[in-house]
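Peer 1: Please read through the structure below; I'll follow up with questions.
The values are calculated or read from the model by the stated rules, or taken from the named source; none is laboratory data. What you are looking at is a predicted structure, and each value in this text was computed from that prediction instead of being measured. We place every Cβ from the backbone using ideal geometry, glycine too, and count neighbours over all the protein chains shown.
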Amino acid sequence: MTKFVLTIWVCSFFGGTVCTAPMERDILYESWYECAREAHRESIKLLSSIGYRKVNERWVGTRYSCRPAKTI
């Protein structure tokens, strides 16, 4: 069965798109569903830590990717 790796970027969409370096989780998810749900949970945590004011001023959001893991 395919496992998935989650990568998240924090981006500013104000006047173009500028993103941080990708943050890759060390966890392998058993399904696309689990990976995508975790991406949204992690996004909420990241936006909350940045704060309401900065998120609104800089139009901050997240991007994510769930890609198949390379397994042996």
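Peer 1: Residues to consider are ARG41, ARG67, ARG53, ARG37; find the one that is in contact (Cβ under 8 Å) with a residue 12 or more places away in the chain and basic (Lys, Arg). Outline the logic, then answer.
Peer 2: Working: ARG41 fails: in contact (Cβ under 8 Å) with a residue 12 or more places away in the chain; ARG53 fails: in contact (Cβ under 8 Å) with a residue 12 or more places away in the chain; ARG37 fails: in contact (Cβ under 8 Å) with a residue 12 or more places away in the chain.
Only one candidate passes the filter, namely ARG67.
Peer 1: While we're here: If you take the residues in segment 4-33 that are hydrophobic (A, V, I, L, M, F, W, C) and free of Cβ contacts under 8 Å to residues at least 40 places away in the same chain, which one is surrounded by the fewest Cβ atoms within 10 Å (Cβ to Cβ)? I'd like the intermediate steps shown before the answer.
Peer 2: Kept after step one, since they are hydrophobic (A, V, I, L, M, F, W, C), are these residues of segment 4-33: 4-6, 8-11, 13-14, 18-19, 21, 23, 27-28, 32.
Now restrict to residues that are free of Cβ contacts under 8 Å to residues at least 40 places away in the same chain: 18, 21, 23, 27, 32.
Values: VAL18: 12, ALA21: 7, MET23: 14, ILE27: 12, TRP32: 13.
Among them, the one singled out is ALA21.
Peer 1: Among the residues of segment 38-72, which ones are of a type in the set (Ser, Thr, Tyr) and either more than 15 Å from PRO22 (Cβ to Cβ) or loosely packed, with under 11 Cβ neighbours inside 10 Å (or both)?
Peer 2: Of segment 38-72, the ones of a type in the set (Ser, Thr, Tyr) are 43, 48-49, 52, 62, 64-65, 71.
Scanning segment 38-72 gives SER48, SER49, TYR52, THR71.
Peer 1: Please go through (1) out of contact with any strand residue (DSSP E or B) (no Cβ under 7 Å at 6 or more places or on another chain); (2) part of a helix (DSSP H, G or I) for GLY15 and return the number of the only condition it doesn't satisfy.
Peer 2: Unmet for GLY15, out of (1) out of contact with any strand residue (DSSP E or B) (no Cβ under 7 Å at 6 or more places or on another chain); (2) part of a helix (DSSP H, G or I): (2).
Conditions tested, residue by residue: (1) in a loop (DSSP other than H, G, I, E, B); (2) modelled with pLDDT of 95 or more; (3) polar (S, T, N, Q).
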{"site": "MET1", "(1), (2), (3)": "yes, no, no"}
{"site": "ALA21", "(1), (2), (3)": "yes, yes, no"}
{"site": "HIS40", "(1), (2), (3)": "no, yes, no"}
{"site": "THR62", "(1), (2), (3)": "no, yes, yes"}
